[in-house]
Amino acid sequence: MAKFIIAGLIGLVVGGALVFYFFVGVPRAAQTPGAPIQPPDAGVAAGSAQIVLRQEFFNEVITTIFRDMNAPAFPLGAEQQTTGECSSRITVIPEGSGVKTALRFENNRISAPLAFSGSYSSPFGCLQFTGWAQANLELRYEAAEQTVFGRINVETVNLDGVNPIISGFVTPLVQTTLNNQVNPIQILQGRQIAIDAPIESTSGRLQANVTDIRAEFRDNALNLYVIYAFSGAPAQ
């Protein structure tokens, strides 16, 4: 029974990786596997566990990353370009342009305003810029891999005091960089929260594999429902 409880606690901790992997940006690819996670059916399915994650939890993780680690930074565009001392690069910062980088639960979705600063090595010289982007985080589940992925969708990019001509080509570079360099975000693998616990009194083992994950926003929190298929097996 102790191992059963420990497995559940591990699952909760792993959920915090959602924010960590988002800001670290691993792995990097443009396409996100799986399909959007659906809300639960009417009533809670038998054999399901509920994980409740609040906005404050994620933002405490974000605060720790900025406080104790290097600010997340990405090459601007498909490849790193450097001319002299100027690098084409964008860095997510804790706060700037009147915006604080955070995750927010708004209108049944995860909103992610991102403050940033950067530079662009252009034919016209080194362009320094600041601004913020409005993004949302979509949760997806890949059944074949039993894996939950996240996908960042940058909706708008706002640059501070940049000439409209320059903004015309820097803005799409910023948007493409954040979308492509960060996605997909591997959040949770089914085997990390699968159950394989000995039941000594029966000389057997209780096993459970994840078959589906559902999600909904309720009471200002993200509620994840992990649905298991239970089985018994002889003790090894």
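The values are calculated or read from the model by the stated rules, or taken from the named source; none is laboratory data. What you are looking at is a predicted structure, and each value in this text was computed from that prediction instead of being measured. Using ideal geometry, Cβ is built from the backbone for each residue, glycine included, and neighbour counts are taken over all protein chains shown. Protein only, heavy atoms only, side chains kept; ligands, DNA and RNA dropped before computing areas. Shrake-Rupley method; radii C 1.70, N 1.55, O 1.52, S 1.80 Å.
Take the conditions (1) modelled with pLDDT under 85; (2) open to solvent by less than 60 Å² (accessible area, probe 1.4 Å); Pro234 misses just one of them, which is (2).
Among the residues making up segment 134-165, a single one is open to solvent by 30 Å² or more (accessible area, probe 1.4 Å), of a type in the set (A, V, I, L, M) and in contact (Cβ under 8 Å) with a residue 40 or more places away in the chain: Ala143.
Might you check whether a residue that is exposed (fewer than 12 other Cβ atoms within 10 Å of the Cβ) and farther than 30 Å from Gly232 by Cα occurs anywhere in segment 37-55?
Step one: of segment 37-55, the residues exposed (fewer than 12 other Cβ atoms within 10 Å of the Cβ) are 41-43, 46, 50.
Subsequent filtering for residues that are farther than 30 Å from Gly232 by Cα retains none.
Scanning segment 37-55, I find no residue that is exposed (fewer than 12 other Cβ atoms within 10 Å of the Cβ) and farther than 30 Å from Gly232 by Cα, so the answer is no.
Take Val61 and decide whether it is within 22 Å of Arg104 (Cα to Cα) and free of Cβ contacts under 8 Å to residues at least 60 places away in the same chain. So Val61 passes the test.
Residue-by-condition table, conditions (1) under 11 Å from Ala133 (Cα atoms); (2) more than 23 Å from the chain's Cα centre (by Cα); (3) surrounded by 19 or more Cβ atoms within 10 Å (Cβ to Cβ); (4) modelled with pLDDT under 95:
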residue	(1), (2), (3), (4)
Asn70	no, no, no, yes
Gly77	no, no, yes, yes
Arg89	no, no, yes, yes
Arg104	no, no, no, yes
Asn108	no, no, no, yes
Ala115	yes, no, yes, no
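Does Val174 count as touching a Pro at 6+ places or on another chain (Cβ under 9 Å) and touching a residue at least 60 places away in the same chain (Cβ under 8 Å)? Judged against the criteria, Val174 is not a match. In segment 213-226, what residues are open to solvent by 30 Å² or more (accessible area, probe 1.4 Å) and either over 11 Å from Ala49 (Cα atoms) or in contact with an Asp or Glu (Cβ under 7 Å, 6 or more places away or on another chain) (or both)? Glu216, Phe217, Arg218, Asp219, Asn220, listed by residue number. Just one of the numbered conditions (1) under 23 Å from the mean Cα position of the chain (by Cα); (2) assigned to a helix (DSSP H, G or I) is not true of Asp212: (2). Lys100 meets all of the listed conditions (1) basic (Lys, Arg); (2) surrounded by fewer than 19 Cβ atoms within 10 Å (Cβ to Cβ); (3) within 26 Å of Ile37 (Cβ to Cβ) but one, namely (3).
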